[in-house]
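J.: Below you'll find the structure I mean.
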Amino acid sequence: MASFLCRDCNLVFEDKKAIKKEYHDYIFGPCEKYIAYCPECKGECSEKPVPKPGKAKQATQVECGSGACQGPACSRFQ
Ligand SMILES: [Zn+2]
């Protein structure tokens, strides 16, 4: 189960029915991410960013810059 963050309500919620959304990044091309709808405002929310404590960002880590890109799992890298 993934956690999602609504930036409008500042609400973190969990959703079992995450929707896989493919989108076209302006810079990196096709990407995909999971979204869910906020129980409060019904707005579209992205997955809550998970901080990786004690792990410095590695040079090999790639993101498409959207903040929600799954890095190597992003279709751009497949
Ligand atoms: Zn909301």
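J.: In nm, to one decimal, how far is the modelled label at V12 from the one at Y34, with both set 7 Å along Cα→Cβ?
T.: 1.6 nm
J.: Give me the one-decimal nm value for the distance between modelled label points at E22 and S3, 7 Å along each residue's Cα-to-Cβ direction.
T.: Result for the modelled spin labels: 3.0 nm.
No lab work stands behind these numbers, since they all come straight from the coordinates. Values in this document were obtained by computation on a predicted structure and should not be read as measured data. A quick note on method: Cβ atoms are made from the backbone with ideal geometry, for glycine too, and the neighbour counts reach across all protein chains shown.
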